[in-house]
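Enquirer: Dumping the structure here so I can ask a few things about it.
The values are calculated or read from the model by the stated rules, or taken from the named source; none is laboratory data. This is a predicted model, so every value here is computed, not measured. For neighbour counting, all protein chains shown are included, and Cβ atoms are generated from backbone atoms with ideal geometry for every residue, glycine included. Note: areas computed on protein heavy atoms with side chains; ligands, DNA, RNA excluded. Shrake-Rupley method; radii C 1.70, N 1.55, O 1.52, S 1.80 Å.
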Amino acid sequence: NRVEEFDDVLRADLVERGRVEHLLRTALAGRVGPPRPGAALSVAYQPIVTADGAFHHAEVLARWTARDHGPVPPARFVAVAEKAGLVID
């Protein structure tokens, strides 16, 4: 029960999400075959330790370095990837 006006801020957000999704799809397509622009996805492992310093498990983190934009913070691409159906179990 609300009305929201489609303004320049919403338009800019929509354009940015579309751009990030396009770059992310390009990066994911680079998994097979020759490298493509923006295809710098990697995995980082963050150890989780107990209070006494013993290794408990590792958290697997996605990292993305876009060719023309440098490192892309997960906050900018994870939600876009989820909404676009690019995140699987």
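Enquirer: Considering only protein heavy atoms and a 1.4 Å probe, what is the carbon-and-sulfur percentage of the accessible area of the chain?
Expert: 57
Enquirer: Then there is this: 7 Å from Cα along Cα→Cβ at both Val43 and Thr26: what's the point-to-point distance in nm?
Expert: It works out to 2.5 nm between the two label points.
Enquirer: Which value, in debye to the nearest 20, describes the size of the charge dipole of the chain about its Cα centre when Lys and Arg Cβ atoms bear +1, Asp and Glu Cβ atoms bear -1, and nothing else is charged?
Expert: 440
Enquirer: Of Val87, Leu41, Ala29, whose Cα points farthest to the positive end of the dipole of the chain (charges on the beta-carbon: +1 Lys, Arg; -1 Asp, Glu; origin at the Cα centre)?
Expert: Ala29
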